[in-house]
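K.L.:
So that we are looking at the same thing, I have put the structure below in structure tokens.
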Amino acid sequence: AIYPHQQGPDVTPPAVTFTVVEGPLYELAGIRFQGEMPPGVTEEELRAQITVKDGDTCDLVAIQTQADKLLDPLRFEGHPFARFDQQVLPALPPTGNESHRGALVTLTFVRGPKPSVRAIRVSGNKGTAERIIVRDVVVEAGKPYDHKAIKESERLLMRTGFFQQVAARAIPTGDPEIV
């Protein structure tokens with residue numbers, strides 16, 4: 001293809017270049033859970049919900065993405081900012097392959113604050129009046145954060161048929177007790 005900005009045949013077309021440096025392959029040597037775990041759940045039950053198994057390539061992004069749903073019980077308890085602190089330590093590779101390395105992942109549950117809702121804000125609406133949107137929002141200003149009410153509000157707003165997507169999230173303020 002000839003690009004308009006090219007002056008001659010030896011001009012390189014525009015591109016994005018990724019320079020990568022390959023290192024050893026890391027195998028998952030295990031996942032441990034600790035911290036403020038949701039009540040009534042065992043470490044084995046939590047581990048079963050992550051599809052990256054011991055001996056697989058240690059895909060930290062997939063582990064974190066899959067582990068995020070494990071925080072939902074804490075969110076339903078009113079902790080919208082529940083998160084994991086992740087630590088990765090070297091370990092022996094489970095397969096015993098000497099050219100690989102191992103990684104032991106520890107996910108520490110951190111509940112975070114249990115805030116109250118200061119106000120409800122609507123953004124992204126172009127043709128629908130805010131008062132029409134707010135009538136389907138069951139989250140209440142001045143009340144404690146309620147993840148169940150957040151999910152119910154999203155469901156009710158999608159059911160109207162006005163929106164392609166609805167995503168509610170708690171926005172932190174300068175005060176950890178208020179969103």
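The values are calculated or read from the model by the stated rules, or taken from the named source; none is laboratory data. Treat the numbers as computed from the prediction; the structure is a model and nothing was measured. Cβ atoms come from the backbone with ideal geometry, glycine included; neighbour counts cover every protein chain shown. To get the accessible areas, we keep the full protein, side chains included, count just its heavy atoms, and leave off ligands, DNA and RNA. Shrake-Rupley method; radii C 1.70, N 1.55, O 1.52, S 1.80 Å.
Yes/no matrix, rows are residues, columns are (1) closer than 28 Å to Leu74 by Cβ; (2) open to solvent by 80 Å² or more (accessible area, probe 1.4 Å):
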residue: Pro93; (1), (2): no, no
residue: Arg111; (1), (2): yes, no
residue: Arg135; (1), (2): no, yes
residue: Lys143; (1), (2): yes, yes
residue: Ala149; (1), (2): yes, no
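K.L.:
Follow-up. Out of the residues in the stretch 113-128 meeting the condition of being surrounded by 13 or more Cβ atoms within 10 Å (Cβ to Cβ) and among the charged types (D, E, K, R), tell me which one is nearest to Pro73 (Cα to Cα). Step through it out loud before you land on a result.
P.N.:
So the first thing to find is which residues in the stretch 113-128 are surrounded by 13 or more Cβ atoms within 10 Å (Cβ to Cβ), and the list is 113-118, 120, 122, 128.
Narrowing the set further to residues that are among the charged types (D, E, K, R) leaves 114, 118.
On the way: Lys114: 13, Arg118: 23 Å.
Step by step, filter the stretch 113-128, then rank; the result is Lys114.
K.L.:
List the pairs whose first member sits in the stretch 60-82 and is farther than 15 Å from Thr108 by Cα, whose second member is open to solvent by less than 30 Å² (accessible area, probe 1.4 Å) and of a type in the set (Val, Ile, Thr), and whose Cβ atoms are under 6 Å apart, counting only residues at least 6 apart or on separate chains?
P.N.:
The qualifying pairs are Ala62/Val52.
K.L.:
Then there's this: Can you tell me which residue is nearest to the chain's Cα centre (by Cα) among those in the stretch 1-30 that are at pLDDT 60 or above and of a type in the set (Gly, Ala, Ser)? Outline the logic, then answer.
P.N.:
The initial filter retains those residues of the stretch 1-30 that are at pLDDT 60 or above, namely 8-30.
Applying the additional criterion that residues be of a type in the set (Gly, Ala, Ser) yields 8, 15, 23, 29-30.
Numbers: Gly8: 48, Ala15: 31, Gly23: 27, Ala29: 23, Gly30: 21 Å.
In this case the residue turns out to be Gly30.
K.L.:
Considering only the stretch 64-179, give the helices (runs of 4 or more DSSP H) lying wholly within it that have at least 3 residues that are of a type in the set (A, V, I, L, M). Let's see the steps before the verdict.
P.N.:
Values: elements: 72-76, 130-134, 147-159.
Where helices (runs of 4 or more DSSP H) fall fully within the stretch 64-179 and carry at least 3 residues being of a type in the set (A, V, I, L, M), they are 130-134, 147-159.
K.L.:
Only one residue in Arg131, Arg159 is open to solvent by 60 Å² or more (accessible area, probe 1.4 Å), more than 23 Å from the chain's Cα centre (by Cα) and at pLDDT below 95. Which one?
P.N.:
Numbers: Arg159 fails: at pLDDT below 95.
When all the criteria are applied, what remains is Arg131.
K.L.:
So Asp72 ticks every box in (1) open to solvent by 20 Å² or more (accessible area, probe 1.4 Å); (2) farther than 26 Å from Gly23 by Cβ; (3) touching a Lys or Arg at 6+ places or on another chain (Cβ under 9 Å) but one. Which box is left unticked?
P.N.:
Unmet condition: (3).
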